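Note sheet for the following structure.
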Amino acid sequence: MATTGQMVRRVNKEAVVLLGWGRAVLLQLAHPLVAAAVADHSDYWSSPLQYLRRTKQTVGSMLDLTYGTQDDVQLTADRINAIHQRVHGRVRDDTDLFPTGTAYTATDPALLTWVHVTLVHSQVLAYETFVEALEPDERDRYCRESAEVAPLLRIPVGLLPITYSELTGHLQNKRLDGTL
């Protein structure tokens, strides 16, 4: 069975949580290093067909990580890690936070954490907007269970927020300067 717990399966089974992904992607792209990596290594936005293909792969990966067998989970994590391993480069243009030439890699734990935080927060928000409100302990459990994916995706254990308060604080208080 999948490594995720009952709360993650409860929330992720609702198709409307996908509506939160648009918000998550926008927040992810607000980080200049994530935006540089996407610009340099993704054909996601090149055509409607590429967008649909990439979205289908992403949804499939989420479903595998949530509901798949241990083999499915490991294969999916291995595929994600292989993609991340190939994504590295340097910022082409100065940003407010990163000068031209700043190195980035999709294996950076800070960037992986940023992507995770934006996705988990957006999924909780979508669930609570379109399905039902979660109790504070349910939000915390969702965060804790979502963090179980950390070792599979080569994120150091203990780096991902495990309470909703930590998750929200990460979005509200952290700067986009690599201290995510």
Segments 147-154, 107-114, 57-64 sorted - mean Cβ within 10 Å per residue, highest first: 107-114, 147-154, 57-64
The chain, helix-only ellipticity at 222 nm - DSSP H runs n ≥ 4, -39,500 (n - 2.57), divided by all residues, nearest 500: -19000 deg cm²/dmol
Size of charge dipole - the stretch 45-85 - debye, nearest 20, with Cβ of Lys, Arg +1 and Asp, Glu -1, no other charges: 280 debye
Would you mind putting 73-86, 92-105, 24-37 in packing order, based on average other-beta-carbon counts within 10 Å, highest first? 24-37, 73-86, 92-105
Compute the signed sum of charges (Lys and Arg +1, Asp and Glu -1) over the other residues within less than 12 Å, Cβ to Cβ, of V11. 0
A correct Karplus calculation of ³J(HN,Hα) over the stretch 95-109, with 6.51 cos²θ - 1.76 cosθ + 1.60, θ = phi - 60°, whole Hz and x for Gly and Pro, returns 10, 4, 10, 10, x, 3, x, 4, 6, 9, 8, 6, 8, 5, x
Starting from a Cα-only point model with no solvent, please compute log10 I(q)/I(0) by Debye for the stretch 110-179 at q = 0.15, 0.17, 0.28 1/Å. -0.46, -0.59, -1.35
Fraction of the pair-distance distribution of the chain above 25 Å, Cα-Cα pairs, percent: 32 percent
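Just so you know, all these numbers are worked out from the coordinates, no wet-lab data involved. Here the structure is a predicted model, which means the values were calculated and not measured. We place every Cβ from the backbone using ideal geometry, glycine too, and count neighbours over all the protein chains shown.
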